[in-house]
Structures are given as structure tokens and as C-alpha cells.
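Asks: Sending over a structure as C-alpha cells; questions will come in a sec.
The values are calculated or read from the model by the stated rules, or taken from the named source; none is laboratory data. Note that this is a predicted model, so its numbers are computed, not measured. Neighbour counts run over all protein chains shown; Cβ positions are idealised from the backbone, glycine included. Only protein heavy atoms, including side chains, enter the accessible area calculation; ligands, DNA and RNA are left aside. Shrake-Rupley method; radii C 1.70, N 1.55, O 1.52, S 1.80 Å.
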Amino acid sequence: MDGTELAGQILYTWLTLVFGLILLPSAFGVSLGISEIYMKILVKTLEWATLRIETGVAKQSALKNSASVGIIQRDESPMEKGLSGLRGRDFELSDVFYFSKKGLEAIVEDEVTQRFSSEELVSWNLLTRTNVNFQYVSPRLTAVWVLGVIVRYCVLLPLRLTLAFIGISLFVIGTTLVGQLPRNRLKNLLSELVHLTCCRICVRALSGTIHYHNRQYRPQKGGICVANHTSPIDVLILTTDGCYTMVGQVHGGLMGIIQRAMVKACPHVWFERSEMKDRHLVIKRLKEHIAHKKELPILIFPEGTCINNTSVMMFKKGSFEIGGTIHPVAIKYNPQFGDAFWNSSKYNIVSYLLRVMTSWAIVCDVWYMPPMTREEGEDAVQFANRVKSAIAVQGGLTELPWDGGLKRAKVKDAFKEEQQKNYSKMIVGNGSLKSELD
């Protein structure tokens, strides 16, 4: 047997195993138990590694999660209380100290930009070290890490790349073919079949383990599904359990190819955030969609950008202005097995996917929540904040009022002007009070 025949035999055996043991079960939503065995071994290995590390650093202080405990201790009291100890009832130069203190806190560790970088781990997961604490590494642990590198790059990565290539190729080809059919019930059924099947294959390519909770609250047709946003694979995670009409930002590269294929089979809406006419088109499309109760639920990520799995930032009010039923969904990834956060300003989609595919696995929890509607006298901003709070509580995430657009833009003047107005009101109010007393 020459080299060509041997290579062909190896390739044939490889593809047979992939199709028989992984691809076909994934397409039908069936598990043969291989993933469960892999996860049990992985959990035991990480628990052992954690014990080894804790043994080596027993004399050091307990590790702290920097996502919840910061570098500095903040004073979260409002401006009125913060200035009360520094000033009298009129303007005093000592007021400068309060604002200087707040400014230095923001420079050292603000609560916004840290949400756009990977969250800190409590303990080493045999993938990367944390940035805050030194981790003790024994020779035995080092040997396990080397073995893990070999497994991840020489076994898991080729397997995952094969599955991803098959899944994406089938997705593009399938949606393109279905897109040639006239709009009718058959086209809708085939489109849902292609989306579900290919998304399940792609999730298996990431060694995805997803725990769905409260499935009785899954988004219904004619409604709007809103969720917190950590990664593009949020779409895969949700579509594995049901189909959606998606609304999102236009992308280029591999994401652009997938988006253009998707829209042929299903009426997804892709828009350019900077174009005002595109934003008006989205609002119009949403209103038309909720008027038809037999349409797939629309999937929207109101934050407008990816946040690092620790927080929920400001929800844009657009999707809450049109009425209809909102179906909140909370998504929370387990960072111990791999970092799902996509830092789009640092990595393109291909680099990001390679980082994910060389991690141990993608493990996450999805909570479907009871549907919510706009209450009487409640404006769109208040409704958006109420939904955001519910998602944050359910997912165990920190709720922040800041706009996720700060990842790429400067702070709006309106935020600075609001602080100036609050301070002016204090000065004017105290001045008026003194005049009346005199």
C-alpha cells in the first residue's frame, strides 16, 4: 500500500467515524453519550488541577474573582451624600476633591471598559493563566497541561474543524437551495429544518453542552425574543432549540457569507447601525412581523454588542417601542471550560472561532422566562430596563446602565451634562435655601 492509498484510507475512516458517531446523531438531535463521557472526564481533571493549585498556594490568600471584587473599593453613594462631608451649603473649592476622586477611580478601574475584555477566572482551567493571581504549577500538573495541548490541537481541533466545515457548507448550500422556492408553507418547513439541523452540527463542532431551563416559556410565534449578548454563537445556542427570524448588524467576511445565505431562506433583517434609513426599516419590519401571529419569533440582542458574560448593559429602546409580547431569555456561559466572549475589536470572526475550537468545550445555561408586555403608563425606556433587570437577575449578571456602544465610541455629552446639571441643582437649591433663611 503506497502513501496515497494509506492517506485515502485514513481519510475514509476519519469521515466515517465523524458521520456515524457525531454528524448524524447531531442532525437528529440525538446524543450517543460521547459528549457526556468527555465532560465527566474533563470535570474530574479540572477539579484535580484545582486541588493541586490550592495545595501549592495554601499559604496565600484565597483567590478572588475580579469580576465581582475590583482593584479598588468604590464609594457608590450618590453625589449629594458624597459632597455633604466636603462642603457647606454654598460652592466650596473642596468640591473639586470629590470629582477628582471619581475621575481617578474611573481611570484605575471603570465599570464599563472591563466588560469588553475576557472575564477573570477564579482558578486556572489548563487553558490560560489568570492576570491577577500567580498559580502554582507542579511537574505533574505541567505534564497534564502538555497532554491537554496535544488533545486539544491534535484531536479536538481537526474534529471540530471537520464538523464546522460540514455544518457551514450544508447551511450555505441548504439555505441557498431553499431560497429558490416560492414563499409558502413548504419553504418555511424546509428553512426551519435546515436551520435546526445545521445549527446542531455547528454546536457539536464546539463541543457545546447546553442546559435549557423553563422550556414552557420558549418564545412563541408572533413574539419578540430578547436576550443578553456574549458571542455570535448565542444564535447557534438558541436556534438549536427553536427557529427565529433574526435582526442584526451587517457583517463582512465569513459572517457576511452566512448572513447572505440565511436571508435567502428566511426573512431575516440585516442592517447597518450607522444608517438611519436602515434603522427605520427595522422598526417598520418589526411592526409588520408582530402583526402576523404565525411568523417565527424575532430574535434581537438589544445591547447591540457583545458583553463579557459578567454583565448586562443598556438595552436599546427600539424593540420595546412597537408593542407586542417580549420573551426574555438569559444566557450564561461557564468560563471554566472556555471563553465564549467575542472581543470584536481585537479578533475577527475566524480568529475567534479558532480560539473557541481550541478550548475544552462551550458550556452554558439558557433560561426562558415568562413573557412580558408593556404596562400602562410605562414608556419604552422603562420597559426595556424592566426586561433587562429580569434577565440580569435570572442569569446572575451585573446590571449596568451604560451603553454598550462605548466599546467603539466616546461617552455622549448628555451623560456629562447630566452630572453638571445635578451639581448645578445642588448649588442653586442650597443658595436659594440660604437666601430664604437670611
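Asks: Separation of region 289-361 and region 226-273 by C-alpha centroid, Å?
Replies: Cα centroid of region 289-361 versus Cα centroid of region 226-273: 10 Å apart.
Asks: Would you mind getting me the FRET efficiency between K44 and L15? Use the beta-carbon distance for r and R0 = 22 Å, nearest 0.05.
Replies: Approximately 0.10, to the nearest 0.05.
Asks: Please list the non-local residues whose amide H lies under 5 Å from the amide H of G208, H modeled 1.01 Å from N, same-chain partners needing a gap of 5 or more.
Replies: Amide H to amide H, under 5 Å and 5 or more residues apart or across chains, G208 pairs with I362.
Asks: Pop out the carbon and sulfur fraction of the accessible area of region 139-407 as a percent, whole number, probe 1.4 Å.
Replies: Exposed carbon and sulfur together represent 61 percent of the surface.
Asks: Rolling a 1.4 angstrom probe over the protein chains, ignoring ligands and nucleic acids, what is the accessible area of H292 in square angstrom, nearest 10?
Replies: So the heavy atoms of H292 present about 110 Å² to solvent.
Asks: Oh, and also: Order the following by accessible area, largest value first: I168, I298. Probe radius 1.4 Å; ligands, DNA and RNA are ignored.
Replies: Listed by decreasing accessible area, they come as I168, I298.
Asks: Further question: How long is the gain from Y153 to K421 if the chain were fully straight, where each residue apart is worth 0.36 nm and the alpha carbon distance is subtracted?
Replies: 90.8 nm is the gain from fully extending Y153 to K421.
Asks: In Å, what Kirkwood hydrodynamic radius results for region 145-288 from the alpha-carbon pair distances?
Replies: Values: mean 1/r = 0.0592 Å⁻¹.
When all Cα pairs of region 145-288 are included, the Kirkwood radius is 16.9 Å.
Asks: Kindly identify region 139-407 as rounded, prolate or oblate by the Cα gyration tensor criterion: order the square roots of the eigenvalues as a ≥ b ≥ c, call it rounded if a/c is under 1.5, otherwise compare a/b with b/c, prolate if a/b is larger, else oblate.
Replies: In terms of gyration-tensor shape, oblate.
Asks: Continuing with the same structure: Have a look at region 267-337 and give its Rg and Dmax from the Cα atoms, expressed in angstrom.
Replies: Rg then Dmax for region 267-337, in Å: 14.2, 43.
Asks: If R0 is 60 Å, what FRET efficiency do you get for E5 and S389 from their C-beta distance, rounded to 0.05?
Replies: Taking R0 as 60 Å, the efficiency between E5 and S389 is 0.40.
Asks: Here's another thing I want to ask about it. So, R0 is 41 Å and r is the distance between the beta-carbons of K101 and V146; what FRET efficiency does that work out to, to 0.05? Walk me through the numbers on the way to the answer.
Replies: Details: r = 48 Å, r/R0 = 1.16.
Approximately 0.30, to the nearest 0.05.
Asks: Amide H neighbours of T398 under 5 Å, counting only residues 5+ apart in sequence or on other chains, H built in-plane at 1.01 Å?
Replies: Hits under the 5 Å cutoff: S311, V312.
Asks: What distance in nm separates the simple spin-label points at Q249 and Q216, each placed 7 Å from Cα in the Cβ direction?
Replies: The two pseudo-label positions are separated by 3.8 nm.
Asks: Which of the listed residues, G208, Y368, I166, is farthest toward the dipole's positive end in region 139-407, when Lys, Arg count +1 and Asp, Glu count -1 at the beta-carbon?
Replies: I166
Asks: Ok, one more. Using Cα-Cα distances under 8 Å and only pairs 6 or more residues apart, what relative contact order does region 139-407 have, in percent?
Replies: Values: 450 pairs, mean separation 67.8, N = 269.
Reported relative contact order: 25 percent.
Asks: Now for a separate question. Using a 1.4 angstrom probe on the protein heavy atoms only, line up K317, K421 by accessible area, largest first.
Replies: Values: K317 100, K421 130 Å².
Sorted by accessible area, descending: K421, K317.
Asks: Counting heavy atoms of the protein chains only and a 1.4 Å probe, report the per residue accessible area for region 139-407 as a whole number of Å².
Replies: Numbers: 11820 Å² over 269 residues.
Ligands and nucleic acids excluded, the result is 44 Å² per residue.
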